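What follows is a single structure, written as structure tokens, with notes after it.
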Amino acid sequence: MNGPAPVSPLGDWGWLESGIVSGEVLAPGSEVRTHIFYWVRADRDGLVTRRLLTFTTDHRLPVRRTVFELLNDLSSQSPSWPLLADAAEPALTDEDPQVRRSTATLLVRTAELDRAVAALNASTDPIVRTALVDAMPWQKVPRHRTILERLRSDPVPATRLLANVALLSGASPAAWPVLDAAIRADLEATIGVLGAPGSRLSWTAGQRWAQALSGLGREEDCCAWAERLANPTEKSAVRHDGVRMANAAMRAWRAAPGRLTPMLTRILNEPPSGVRSAALRALAASLTASRLAADDLAAMLDDPELGAVAATALGRVGDHRAVPHLARLMLSGSDDPGLVDALRAVARAGADPRAPVAAARQILAAVPDSCAPDLPMWVLAAFGPAAAAAVPELIARLEGAENDTPDRAISVLGGIGPAAAAAAELLRQYPTPGAALALLKITSDRTAVERYLAGRPEELRRSRISSMLLTCLAEHGGLTDRQHRQLRSLFRTPGSGQLETAGALWLHEGPAVAAELLEVLPEYLFDDYYAPKALRVLTAMGAHARPILDRLDEFVASRHRAGFYVSDPDAEMRADETLVDAFIAARERIAG
């Protein structure tokens, strides 16, 4: 490597090698990864980058795998990076398939496209060829259709399939049947090849095919192919890809769960297998599918392998049959992120609170006072007044509180309301706005809240706690003139503060403020986080909100899912389903 010998900007280079050997450099938020990204952003071809490249030829295989994965992460934000391309190309002949896949992706990301195409033409390695075709941004490659047409007859099935999928994405309807048939012919041979370790994507052939069909708006064809592939006459691996295609179709189109749920529920009646497990998870991923398959899911609640998935799916749609199973999952220490969503949903649906609240109390009693486990607190907050039995445990949290425990316990007590009266005297010892808010909800005593707001300026900016306090006052007797001016100042501030204060403004001013609210609230209707709050205010406005009915209708009428950006594609699908339900409910109330 040309240039002076690297000198660590942070001292001894041991920190870097240690992070690579341990794999810590791949852990999001780790200190060593943060240092690397900082120094590389500061000087892309500088000392840290050059030191990283020395590990690309390390004799230790885990080190090479780790460093190439890290380089891919770094390059995703910085294309056309010749220094990395020069390190990647020789590694296309590495002895390890995972390294070769990673370096093929890195080469495409960092080299000029003609160099990447030349590497594809020169390689006879099936793994490298497939990885290069997979990583190539074909729309940017000159004469790409000519190259892809040639690759359709490549000796490597995975390469052929990827070429056909790429051509399908931009093909005319007349070409669809031929390309579909070619993809289907190579699908089985690609199982275990596409999505293998080191690949650019973990997607299988079925998922890639479904993505192309989605881009073309071919809902009927995508559902039909999913059903064909999942047919019991197909091999297990092919059927698994059919289930994946079904999941992809439900993510893309709102009507797909209605079409595909019967096929997936039939699979649930088969003997245990990987396909059966995948079918259950596909059903559980969609709220619509879970409702349609509720009885089938309930029949699996006691299944030792899949019962937890079935319980979470039923819980998410508010089915009371899931409640005892969800309580048992709480006590088992489950870390399923869907458990909180499920418990919140059954709470909203009016489920019997006794088992979940008892489980939350048991967990709280079993941990030190300085700890406030997230799950039981979320559960108690979800059940609100129905969680009154947990007041002694919450008081114990306050009495032995450390760190953020007071705020969590105080908030939950406030949500319980008057049934938490035993905590009132203790809450008065906390001179915080959160405690004042809880006291108002529990005792209807406005004193502490009014004292806090009296000490705040009349012109407020972006104060969520002040918005909450003013809203609660509006609900408990109304606002003084000064408090109304504070509320108005918050409402004038663009952003979420307008949404946080809109409900209180409607309570205080009524129809006189309708026109202003109709200018502001529709801006939040298509955000999965803010829309439910906006809809609650619009629903409270009743007939005064009728001018926005056409917007609600337009959203509900769409065939396609809304494009939210949340934690994962299944969560995005559920966010869309939740919002559609909320729009329909709001429309019914507003229209009268």
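Label-to-label distance for residue 17 and residue 366 is 4.5 nm, based on points extended 7 Å past Cα in the beta-carbon direction. In this simple spin-label approximation, residue 451 and residue 560 carry label points 7 Å from Cα along the Cα→Cβ vector, and these lie 5.6 nm apart.
Using r as the Cβ-Cβ distance of residue 551 and residue 462, and R0 as 30 Å, what FRET efficiency do you calculate, to the nearest 0.05? Don't skip to the answer; put the middle values down first.
Working: r = 27 Å, r/R0 = 0.89.
For residue 551 and residue 462, the calculated efficiency is 0.65.
Looking at the chain, the accessible area is 45 square angstrom per residue; that uses a 1.4 Å probe and ignores ligands, DNA and RNA.
Against the main long axis of the alpha-carbon atoms of the chain, helix 464-475 sits at an angle near 40°. If you take the Cα centroid of the stretch 424-460 and the Cα centroid of the stretch 538-557, the two points sit 35 Å apart. Phi angles of the stretch 103-118 translate, via the Karplus equation with coefficients 6.51, -1.76, 1.60 and θ = phi - 60°, into HN-Hα couplings of 6, 5, 4, 5, 4, 4, 6, 10, 9, 5, 4, 5, 5, 5, 5, 5 Hz per residue; Gly and Pro are given as x. Hey, with R₀ at 45 Å, roughly what FRET efficiency would residue 54 and residue 273 work out to, going by the Cβ-Cβ distance, to 0.05? Working from the Cβ atoms, E equals 0.45.
Which percent of the accessible area of the chain is formed by carbon and sulfur heavy atoms (probe 1.4 angstrom)? Mind dumping the intermediate values first?
Working: 14040 of 26540 Å².
Within the chain, the accessible surface is 53 percent carbon and sulfur.
For the pair residue 86 and residue 475 in one chain, pulling the backbone fully straight at 0.36 nm per residue adds 133.4 nm over the alpha carbon distance. Relative to the dominant Cα principal axis of the chain, helix 126-135 is inclined by about 50°. The computed Rg and Dmax of the Cα atoms in Å for the structure shown corresponds, within [x] 28.7, 80; [y] 23.8, 74; [z] 26.9, 100, to [x]. Each residue, residue 216 and residue 493, gets one label point 7 Å from its Cα in the Cβ direction; the gap between the two is 5.2 nm. Between the exposed loop cleavage positions of the chain, defined as trypsin sites (Lys or Arg not before Pro) in a non-H, G, I, E, B DSSP state with at most 13 neighbouring beta-carbon atoms within 10 angstrom, the longest gap is 236-460.
Start at zero, step by 5 Å, and the Cα-Cα distances of the stretch 202-264 spread as 4, 23, 34, 24, 12, 2 percent across the bins. The phi-based Karplus calculation (6.51 cos²θ - 1.76 cosθ + 1.60; θ = phi - 60°) puts the 3J(HN,Hα) values of the stretch 72-87 at 5, 4, 5, 6, 4, 9, 8, x, 6, 10, x, 4, 6, 4, 5, 7 Hz, whole numbers, x for Gly and Pro. A probe of 1.4 angstrom, applied to the heavy atoms of all protein chains, finds residue 443 with accessible area near 50 square angstrom. Volume of the convex hull of the stretch 329-388 (Cα atoms only), normalised per residue: 76 Å³.
The values are calculated or read from the model by the stated rules, or taken from the named source; none is laboratory data. Values in this document were obtained by computation on a predicted structure and should not be read as measured data. With ideal geometry, Cβ positions are generated from the backbone for all residues, glycine too; neighbour counts draw on all protein chains shown. Protein only, heavy atoms only, side chains kept; ligands, DNA and RNA dropped before computing areas. Shrake-Rupley method; radii C 1.70, N 1.55, O 1.52, S 1.80 Å.
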